[in-house]
1. Whole number please: convex hull volume per residue of the Cα set in the chain, in Å³?
2. Pop out the carbon and sulfur fraction of the accessible area of region 31-115 as a percent, whole number, probe 1.4 Å.
3. All other residues with a Cβ under 13 Å from the Cβ of L18 taken together, and with Lys, Arg as +1 and Asp, Glu as -1, what is their net charge?
4. How much accessible area per residue does the chain have, counting only protein heavy atoms and a probe of 1.4 Å, in square angstrom?
5. Would you work out which of S52, V40, L20 lies farthest towards the positive end of the dipole of the chain? Charges go on Cβ: Lys and Arg +1, Asp and Glu -1.
6. Calculate the FRET efficiency for D72 and S115 from the Cβ-Cβ distance with a Förster distance of 30 Å, rounded to the nearest 0.05.
7. Within region 76-94, list the residues whose amide N lies under 13 Å from a label point set 7 Å along Cα→Cβ of V2.
8. Which ³J(HN,Hα) values in Hz, rounded to whole numbers, follow from the phi angles of region 81-94 under the Karplus curve 6.51 cos²θ - 1.76 cosθ + 1.60, where θ = phi - 60° and Gly and Pro get x?
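The values are calculated or read from the model by the stated rules, or taken from the named source; none is laboratory data. These numbers come from a predicted model, not from an experiment. Backbone-built Cβ (ideal geometry, glycine too); neighbour counts: all protein chains shown. Just the protein is used for accessible areas: all its heavy atoms, side chains included, with ligands, DNA and RNA removed. Shrake-Rupley method; radii C 1.70, N 1.55, O 1.52, S 1.80 Å.
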Amino acid sequence: QVQLVESGGGLVQPGGSLRLSCAASGSILTANAQGWYRQVPGKPRELVAIMSRGGGSNYAPFVKGRFTISRDNAKNTVYLQMNSLKPEDTAVYYCNVDYGKYMYWGQGTQVTVSS
């Protein structure tokens, strides 16, 4: 069992930046992938960014060029750097770590982009 704890969410003005962190209680080295998803009320959870074991990353079209996923294997932590934030980025952001046989989710962190 691996626990994921997200942090770094909050209220930011349009055009601002936030960095989300996801600390895992176990090693992420053996994971197939780490990802960030987001969800707004009444809509399904959607992929924001994903990083494979080999280090390759993919982004949803609506965040490409603005968000960057990264990780620190020594700290078992995954990050999401979010720049040029827009009001439509407002959502609860969830961290995900996929070990293949098992997949774990964090509890989510609220990001609100508003003036």
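1. 94
2. Values: 2180 of 4330 Å².
Roughly 50 percent of what the probe reaches on region 31-115 is carbon or sulfur.
3. Values: positive: R19, R38, R66, K86; negative: E6, D89.
Once all neighbours under 13 Å are counted, the net charge is +2.
4. Using a 1.4 Å probe on heavy atoms only, each residue of the chain averages 52 Å².
5. S52
6. 0.40
7. Residues 76-79 fall inside that zone.
8. 8, 10, 10, 6, 5, 10, x, 6, 7, 4, 4, 8, 9, 10
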